[in-house]
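Heads up, the thing below is written out as structure tokens.
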Amino acid sequence: MLRENEGRTALVELSFTIMGLMKLLGLQTRLFRRMGLPPRSMRKFGLFEAGGAMLVANPETRAIGGAGLAAISAMMLVVELRSREAELVLPRLALTALAAMIAVSACRSRAVSARQA
């Protein structure tokens, strides 16, 4: 179970870091324009994605990072659905679910540690 959680965590960290950097570097400007969003929104999403990935990387901040990534990813999912960007929906949905699972798992781990202390 522990290795499975580590694999999920690494996948989420890597995915959101890459997606965040792509937005921060302006590599998704056309996509955001097509979805009717300004470039500053793209940079904000990128900042939250990259920042959330950094929080997930640290076990002490993993719960808040996972929850934040799940929230920002869910917001992006709504934008993609409204814009009819069908090819983006399934990967986004999977990453949203993984981020939420990481948040829940981190909260459970902290609760177990607190009970044992």
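The values are calculated or read from the model by the stated rules, or taken from the named source; none is laboratory data. No experiment lies behind these values; they were computed from the predicted model shown. Note: ideal-geometry Cβ built from the backbone for every residue, glycine included; neighbour counts use all protein chains shown.
Scan (1) over 14 Å from Arg8 (Cβ atoms); (2) loosely packed, with under 14 Cβ neighbours inside 10 Å for the single condition Ala74 breaks and write down its number.
It fails just one condition, (2).
Provide a single number: the residues in region 27-62 that are of a type in the set (Gly, Ala, Ser) and either touching a strand residue (DSSP E or B) at 6+ places or on another chain (Cβ under 8 Å) or at pLDDT 95 or above (or both).
5
Would you please name the residue that is farthest from the chain's Cα centre (by Cα), looking only at residues in region 1-50 that are small (Gly, Ala, Ser), more than 20 Å from Val78 (Cβ to Cβ) and surrounded by 12 or more Cβ atoms within 10 Å (Cβ to Cβ)?
The residue in question is Gly26.
Residue under question is Val78, and the condition is that it be farther than 20 Å from Asn5 by Cβ, among the β-branched types (Val, Ile, Thr) and out of contact with any Phe, Trp or Tyr (no Cβ under 8 Å at 6 or more places or on another chain); does it hold?
When the stated conditions are applied, Val78 passes them.
Pick from region 38-94 the residues that are among the basic types (Lys, Arg) and part of a helix (DSSP H, G or I): which of them is nearest to Leu21 (Cα to Cα)?
Looking at the filtered set, the residue picked out is Arg43.
Filter region 51-65 for residues that are out of contact with any Gly (no Cβ under 8 Å at 6 or more places or on another chain) and buried (at least 18 other Cβ atoms within 10 Å of the Cβ) and give the result.
Matches in region 51-65: Arg62, Ala63.
Pairs, please: C-beta under 9 Å, at least 6 apart or cross-chain, first residue under 19 Å from Gly68 (Cβ atoms) and in region 37-48, second among the β-branched types (Val, Ile, Thr)?
Ser41/Val79; Met42/Thr29; Phe45/Ile72; Phe45/Val79; Phe48/Ile72
Among the residues of region 46-67, are any more than 29 Å from Ser105 (Cα to Cα) and of a type in the set (Asp, Glu)?
Checking region 46-67: not a single residue is more than 29 Å from Ser105 (Cα to Cα) and of a type in the set (Asp, Glu).
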